[in-house]
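Heads up: the structure comes next, in structure tokens.
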Amino acid sequence: LAVGYADGSVRLWSMGAGVAGGEGDEADAERVTLSGHRGAVLSLSFSSDGAQLASGGSDTLVVLWDVVGEAGICKLRGHRGAVTGVALLASLSAVASVSKDGSL
């Protein structure tokens, strides 16, 4: 599970097998915090295999993340407004993004 925050971070969580505090069940736990945006993270999309993550933010950036390596791959610039949607397109080996500036 990935959650974007107003401080520009993306936090990855490991989801436990059951209810937190239950006997023999692993509780949900934050695994890592990724930092790469200068503004709020507004959109997130995992690759189909879960190995990569794309994030879009109010800072107009799209950031591609290596989930396994817990590091940024690259920052994509080009939008002039907040990035409100991102998608990783496996069949095209591409990322698509949409912004408040009206661009795709």
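The values are calculated or read from the model by the stated rules, or taken from the named source; none is laboratory data. Worth saying up front: this structure is predicted, and the values here are computed from it rather than measured. Quick reminder, even Gly has a Cβ in these numbers, built from the backbone with ideal geometry, and neighbours come from all protein chains shown. For accessibility, only protein heavy atoms count, side chains too; no ligands or nucleic acids. Shrake-Rupley method; radii C 1.70, N 1.55, O 1.52, S 1.80 Å.
Overview of values
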{"read-out": "Dipole in debye (nearest 20) - the chain, about Cα centre, beta carbon charges: Lys, Arg +1; Asp, Glu -1", "value": "700"}
{"read-out": "Cα lying deepest toward the dipole's positive end in the chain, options TYR5, GLY69, MET15, charges on Cβ", "value": "TYR5"}
{"read-out": "Total formal charge among the other residues, if their Cβ is under 14 angstrom from that of VAL62, Lys/Arg +1 and Asp/Glu -1", "value": "+3"}
{"read-out": "P(r) histogram, all alpha-carbon pairs of region 41-98 included - 10 Å bins from 0, percent", "value": "27, 57, 16, 0"}
{"read-out": "Relative frequency of Cα-Cα separations exceeding 16 Å in the chain, percent", "value": "57"}
{"read-out": "Carbon + sulfur, % of accessible area of the chain - ligands and nucleic acids excluded, 1.4 Å", "value": "52"}
{"read-out": "Environment charge at SER103 (Cβ cut-off 15 Å; Lys +1, Arg +1, Asp -1, Glu -1)", "value": "+2"}
